[in-house]
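Below is one structure, written out as structure tokens; the observations come after it.
We did not get these values from a lab; they are worked out from the coordinates using the rules stated. Note that the structure is a prediction, hence the values are computed from the model and not measured. For neighbour counting, all protein chains shown are included, and Cβ atoms are generated from backbone atoms with ideal geometry for every residue, glycine included.
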Amino acid sequence: MQIKKGMTRQEKALETKDKIYDVAMKKFIKKGLENTSISEICREAGVSIGSFYTHFENKEGVIYETFRRADLNFERFLEEDREKQSLYDLIMEYMEYYMTFVLTHDFEFIRRFYNTGNYYFVKGKRPMQDVLKEILKN
């Protein structure tokens with residue numbers, strides 16, 4: 001594997017993962033999860049199928065990556081100093097973030113997320129849920 005000058009292996013791996021993720025998400029939104037093949041994603045991303053499986057277990061793994069990224073942002077939400085904000089302002093800011101996430105994705109994509117078959121969405125102890133609980137508790 002050729003590493004760009006000044007890039008570590010970790011940075012290159014993250015760049016590859018991001019490239020696969022971006023291509024896959026565009027394909028899923030345009031064609032749907034079932035109508036998109038891993039080989040098609042890899043061809044367009046310019047990576048090997050092995051690279052895909054290094055970063056994602058399967059196509060659904062790409063979808064779960066979206067949750068992971070959203071969860072990271074929710075964790076950052078808690079890290080910011082919000083003691084001076086009213087409960088109303090905190091809840092509104094939380095909901096604005098959440099709605100922005102929903103509105104930036106295609107309806108079909110969101111429909112796939114919000115179902116009981118999506119084990120990652122319904123599992124507990126996710127930052128998205130914990131942040132809202134923390135806001136309400138305080």
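Take the cross-link list LYS19/LYS59; LYS30/LYS59; LYS30/LYS133; LYS84/LYS133; LYS31/LYS59 and give me the ones stretching past 25 Å between alpha-carbons.
Values: LYS19/LYS59 14 Å; LYS30/LYS59 15 Å; LYS30/LYS133 35 Å; LYS84/LYS133 18 Å; LYS31/LYS59 13 Å.
Beyond 25 Å: LYS30/LYS133.
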Practice task
Return the aspartates and glutamates within reach of LYS17: Cα separation strictly under 17 angstrom, same-chain partners fewer than 8 residues apart disregarded; answer none if there are no such residues.
Solution key: GLU40, GLU44, GLU57, GLU60, GLU65
Fill in the blank from the handout: Computed over the range 1-85, the Cα gyration tensor eigenvalues, each multiplied by 5 and square-rooted, give semi-axes in Å (largest first) of 28, 20, 9
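Would you mind calculating the relative contact order of the range 1-105 from Cα pairs under 8 angstrom and at least 6 residues apart, reporting the percent as a whole number? Kindly include the intermediate steps, with their values, before the conclusion.
Values: 38 pairs, mean separation 21.5, N = 105.
Dividing the mean separation by the residue count of the range 1-105 yields 20 percent.
Charges only on Cβ, +1 for Lys and Arg, -1 for Asp and Glu: so what's the dipole of the range 1-78 about the Cα centre, in debye to the nearest 20?
Details: 15 positive and 12 negative charges, 66 e Å.
The dipole magnitude comes to about 320 debye.
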